[in-house]
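Shown next, in structure tokens, is the structure this report addresses.
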Amino acid sequence: MLADIELINIYVSVQILWKCLSTVRVIDACLQTMTTSMSMSAIATNGVVAGGGSYFMISRALGPEFGGAVGILFYLGTTVAASMYIIGAVEIFLVRLSVLSVCRL
């Protein structure tokens with residue numbers, strides 16, 4: 001009986017600790033997002049953003065060396081994302097065609 005009460009106390013303590021840590025993580029994420037958006041706003045309002053959009057702001061803030069590295073990764077990520085979008089659209093199209101062909105039989 002006493003062991004059961006101790007286990008319940010441990011369980012409740014762990015749950016309270018977990019909720020506190022989760023709250024700290026959410027607050028930390030909010031602060032990071034706010035800091036990032038303020039930095040981006042400061043960079044964007046410090047003159048006209050030329051062609052390139054986000055790449056221009058990154059290279060302007062970090063310098064040409066890091067900006068070039070980030071630009072290459074940005075290009076590769078956009079390329080992979082575009083190919084995934086195309087594959088997803090074609091897959092949905094093929095599934096719809098197969099459903100329509102089954103319904104006609």
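Derivation of every value follows stated rules applied to the coordinates shown; laboratory data play no part. Here the structure is a predicted model, which is why all the values come from computation and not from measurement.
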Through the Karplus equation 6.51 cos²θ - 1.76 cosθ + 1.60, θ set to phi - 60°, convert the phi angles of the range 9-24 into ³J(HN,Hα) values in whole Hz; use x for Gly and Pro. 4, 5, 4, 5, 5, 5, 5, 5, 4, 4, 5, 5, 5, 5, 5, 4
State the extension gain, in nm to one decimal, for the chain segment bounded by residue 81 and residue 37, taking 0.36 nm per residue of separation less the distance between their alpha-carbons. 13.5 nm
Dividing the mean separation of Cα pairs under 8 Å (6+ apart) by the residue count of the chain yields a relative contact order in percent of 11
Taking a ≥ b ≥ c as the square roots of the Cα gyration tensor eigenvalues, with a/c under 1.5 meaning rounded and otherwise prolate when a/b beats b/c or oblate if not, the chain comes out oblate
